[in-house]
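Bear in mind these aren't lab numbers, they're just calculated from the coordinates by the rules spelled out. Quick caveat, the model's predicted, so the values are computed rather than measured. Methodologically, a virtual Cβ is constructed for each residue, glycine included, from the backbone with ideal geometry; neighbour enumeration extends over all protein chains shown.
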Amino acid sequence: MNVEHARQLAKDLLEQLGNELARGQSETLRAYLAAMAKLPGYSLHNLLLIGAQRPGAQHVAGFSTWRRLGRSIRKGEHGIVILAPIVKRQTHDTAERNPDGVPPRESGQDDRRAVVVGFRGVYVFDVSQTEGAPLPEFAVVAGNPGPYTERLACFVASHGIALRYSRRIAPARGACIGSTIVLLPDLPPAEHLSTLAHEAGHQLLHRRDGCERVSRTVRETEAEAVAFVVCTAIGLNVGSASADYVRLWGGDTTTLSASLDRIQRTAAEIIAAIGPDV
């Protein structure tokens, strides 16, 4: 399957999805939403392509990723074609000015910008197409949060953020909807606090500070880093849970390093508020 074929297939599948929704048929939508929950690092078009070529795919990654995990592609398996952007750095027009009227180079800003100039087909494989070392189980946060959950809820309320509970967000454990945090009911106590800290991080970092435009990977990495710091500060056993979460979203140490100051300030604000026992 070449790039043009893949693009046309994605377009056709998206149109098919729209037609089914117009007829009141939501099974396809539920299938794609389930795929989004399992494969959060992929765009809608690539999810459509994965679903068309490998229905029921659970964990999808490229050859090098599977090799790092100690797994190899089974002989005879055919890859799943998805579209990867071709990104180039282009120099701004020298006449372009920033809001202060200063050319980017003179203002100390990078005078190049990343531009998507096309797409190329790349191959990924589902875990069912691989063999080798078992996949690591994702760790969870454990321990007794004691009074800190109630204190964190009070901190959230003091910032004008509503806290609600709903099973409709499953399989997600938490979500931010406007100025409301929605959590899945009946989470274990440590997971409850960790998820609330994660969503509070979103509200403080990405709503209040006006950073909605940063990529979803950066937002999720920052919020989970805040949750990690808060949970560690109050003595919960985080283990590799946060690292697992960040890897799931495609984040890495570079993503974290670029955000460390914002993460530190936000985590410190929460920790100071839910003391004095911290």
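Details
- Computed from the C-beta positions of I86 and H5, the FRET efficiency with R₀ = 25 Å rounds to 0.90.
- Computed over the range 148-274, the range of Cα coordinates on each principal axis works out to 34, 31, 31 Å, biggest value leading.
- Judged by the ratio a/c of the largest to the smallest principal axis of the C-alpha gyration tensor, the range 115-209 counts as oblate, that ratio being 1.5 or greater while a/b is no larger than b/c.
- Least to most buried among V124, V87 (fewest other Cβ within 10 Å first): V87, V124
- Remark: spin-label model distance Y165-T180 equals 1.6 nm, labels positioned 7 Å along the Cα→Cβ axis.
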